[in-house]
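Visitor: Handing you this structure, nothing more for now.
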Amino acid sequence: MYTAERVLHTVENLIKEAIGVAFPEAEMPAFLVETPKADAHGDFSTNAAMLMTKALRRPPREIAAAILDNLPENSLVERTEVAGPGFINFYLHPAWIYGTLADIEERGDDFGRTQDGNGKSVMVEFVSANPTGPMHMGNARGGAIGDSLAALLDMAGWKVSREFYLNDAGAQIEKFGMSLEARFLEILTGKEDFPEDGYQGVDITELAQAYIDENGSALLEAESDERRRVLVEYALPKNIAKMQKDLEKYRISYDLWFRESSLYKSGEVEETIALLGERGLTYEKENAVWFKSTRFGAEKDDVLVRANGIPTYFAADIAYHRNKLAGRQFDKAINIWGADHHGHIARMKGAMEALGIDPERLHVITMQLVRLVENGEVVRMSKRTGKMITLSDLLDEIGVDAARFFFNLRQAGSHFEFDLGLAVEQSNDNPVFYVQYAYARICSILRLLAEEGTAVSAFSAIDASLLSDEHERALIKKLAEFPEEIRVAAAALEPSRITRYAMDTAALFHSFYNACHVRTEDAKLTAARLKLVESTRVVLANALRMLAVSAPEKM
């Protein structure tokens, strides 16, 4: 019995064998075997011939024809054709898709899992919000993308670690202390002397007031440095605890909260700067220590240590990435950064190269901003608090499922307009409702038939060939694509493909449900269709689990 993965590997191996015979001196291209969007183009299609055009200096259709002339015979393949600019389309024996149902039955929650990662280690660092204030929309999008990417990579055979980099040292903490002190003094003395670049959020005032309520005004007598230190030591743990609580509510659990301060305590920042110096990649100018970033393609050199002797954020960030890739030796490190950090990517990759670390082991996904809209109007403030909308506000407003699903509707690098009204709408226009409703409908069918005494049969006990209606076959083929969808999505680091896959599967299920009655007078047909329904339930559940979106049995 053919399974989806076995079929795919069979087609891939047939192509490789044909290329090896037709062009024995040519390097094997990294070709794709994909499911065409239109059924008329076959069951699978490959771009192998087009990838070989430059090396062979021959037209792609000519190369494709040569590949097909040397394609080994296989009972799975009914016919082939060269299409378009040089695609090769494969039309398989109609029965191949039925093995998918057996594969789903056997693998269950693991259906779709691949071993492309070969157990290599990957660390996904995401959100890493500044702990001096509440998390915002960018953090909300980064959380959904990063966590779903980590789940996707796990399904693709990687050993995954999730990490939050906590900026609890450096300039932003100094500014945090200055801001807290200014509000503290303002509350107790009425003196308004707020730093020009301080944090002006209401949360700063609330923290200063909370400290006074608990500890009184004795801190007025302390020196400024001591006052700031005490206020930061009081407020920072509260902010961090709030972040952890909100992220847990968002269904995000980290393997490690890595503190920037630990890099200073361990001496890794100083050690990293010294190592760059030993390699002749630093110099002093205007009493500061500079990194020769231009040696590695940057437009200008960067300061590592300021004239006052305090290392820059960039220096600590280099030490952190050295810790990831050289210290803890992750095979790959992936960062989810805001688009405003785009210019930092080349600098960091250059710093890794300077330290003798392969910069290709560091991959950065840049994420565009989110614009919230409701009733066609842009929303910038919370209706409840009159402040900016935070992650906590959003989850209270629309729920975790909608937030997680909506933030993965688009690629990270695309601008995204988040429609708050649509996210809570119970209609087919709401994509998360549409998918969850399909799952709930499936569970209802299974539940009702079970109450009537009709349970899901084992694959060996059904006649899968009875599933010959175009709606049935389209749904089975979509289920068969799931392992390859995971493989492609993981290679592209693109969890939004899984969201779209879930939506497409739900759409095909709804079409099947409307066209084909599950309960029929033919017991064998009922058994086969019930098996298809159950198989769809398993695959949708697996997809939603990667997105950390619930799969409700009733709605």
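The values are calculated or read from the model by the stated rules, or taken from the named source; none is laboratory data. Everything numeric in this text was worked out from a predicted model, so none of it was measured. When we count neighbours, we look across all protein chains shown, and the Cβ atoms used for this are built from the backbone with ideal geometry, even at glycine. SASA here: full protein model, heavy atoms, side chains in, ligands and nucleic acids out. Shrake-Rupley method; radii C 1.70, N 1.55, O 1.52, S 1.80 Å.
Visitor: Which residues' amide hydrogens lie under 5 Å from the amide hydrogen of LYS159, considering only partners 5 or more residues apart or on another chain, with H built in the peptide plane?
Guide: Placed amide hydrogens put GLY119, LYS120, SER121, VAL122 under 5 Å from LYS159.
Visitor: Under the rule of -39500 (n - 2.57) per DSSP H run of 4 or more residues, summed and divided by the residues of the chain, what mean residue ellipticity at 222 nm is obtained, to the nearest 500 deg cm²/dmol?
Guide: Computed mean residue ellipticity for the chain: -15500 deg cm²/dmol.
Visitor: Using a simple spin-label model with points 7 Å from Cα along the Cα→Cβ vector, what separation in nm is obtained for ASP225 and LYS120?
Guide: 4.8
Visitor: With all protein chains present, how much of the accessible area of the chain (probe radius 1.4 Å) comes from carbon and sulfur, to the nearest whole percent?
Guide: C and S fraction of accessible area: 47 percent.
Visitor: To continue, here is another question. Which of the GluC sites (Glu not before Pro) found in region 132-201 are in a DSSP loop and have at most 13 neighbouring Cβ atoms, other than their own, within 10 Å?
Guide: Sparse-neighbourhood loop GluC sites (Glu not before Pro): GLU192, GLU196.
Visitor: Right, here's the next one. Take LEU56 and THR366, extend 7 Å from each Cα along the Cα→Cβ direction, and tell me the distance between the two endpoints in nm.
Guide: 3.8
Visitor: Turning to a different aspect of this structure: Whole percent per 10 Å bin, from 0 to the bin with the longest distance: what is P(r) over all C-alpha pairs of region 37-101?
Guide: Calculated over all Cα pairs of region 37-101, the distribution is 21, 47, 25, 6, 0 percent.
Visitor: Could you do me a favour and compute the accessible area per residue for the chain, 1.4 Å probe, result in Å²?
Guide: Per-residue accessible area for the chain comes out at 46 Å².
Visitor: Next question. Name the residues of region 136-168 whose amide N is less than 13 Å from a point 7 angstrom out from the Cα of ARG107 along the C-beta direction?
Guide: Of the residues in region 136-168, 155-157 have backbone N under 13 Å from the label point off ARG107.
Visitor: If you take Rg and Dmax of the Cα atoms in Å from the coordinates, which of (1) 29.2, 96; (2) 28.4, 90; (3) 30.3, 102 do you get?
Guide: Checked against the structure: label (2).
Visitor: Using unit Cβ charges (K, R positive; D, E negative) and no other charged atoms, how large, in debye to the nearest 20, is the dipole of region 298-348 about its Cα centre?
Guide: Dipole of region 298-348, to the nearest 20 debye: 220 debye.
Visitor: Dipole size in debye (nearest 20) for the chain around its Cα centre, Lys and Arg Cβ +1, Asp and Glu Cβ -1?
Guide: Computed charge dipole of the chain: roughly 480 debye.
Visitor: Quick one: if the Förster radius is 51 Å, what FRET efficiency do GLU521 and VAL373 give, using the C-beta to C-beta distance and rounding to 0.05?
Guide: FRET efficiency, GLU521 to VAL373: 0.50.
Visitor: Treating the angle as unsigned and between 0 and 90°, give the value, to the nearest 10°, between the Cα long axis of helix 482-492 and the longest Cα principal axis of the chain.
Guide: Taking the Cα atoms of the chain, the angle to 482-492 is about 40 degrees.
Visitor: Kindly state, to the nearest 0.05, the FRET efficiency for GLU286 paired with SER253, given R0 = 41 Å and r defined as their beta-carbon distance.
Guide: 0.35
Visitor: Using the Cα gyration tensor of region 296-381, with a ≥ b ≥ c the square roots of its eigenvalues, what is the shape: rounded (a/c below 1.5), prolate (a/b larger than b/c) or oblate (neither)?
Guide: prolate
Visitor: Same structure again: Please give the Cα centre distance for region 492-549 versus region 199-246, rounded to the nearest Å.
Guide: 52
Visitor: Please give me the summed charge of the neighbours of VAL370: other residues whose Cβ is under 12 Å from its Cβ, Lys and Arg +1, Asp and Glu -1.
Guide: Here the charged neighbours net out to +2.
Visitor: Mind checking region 412-495 for GluC sites (Glu not before Pro) that DSSP puts in a loop (not H, G, I, E or B) and that have at most 10 other Cβ atoms within 10 Å?
Guide: Those that pass, being in a loop and sparsely packed, are GLU452.
Visitor: If you don't mind, another one. Suppose the chain between ARG447 and GLU470 were pulled fully straight at 0.36 nm per residue; how much longer would it get relative to their current alpha carbon spacing?
Guide: Going from the current span to full extension adds 5.7 nm.
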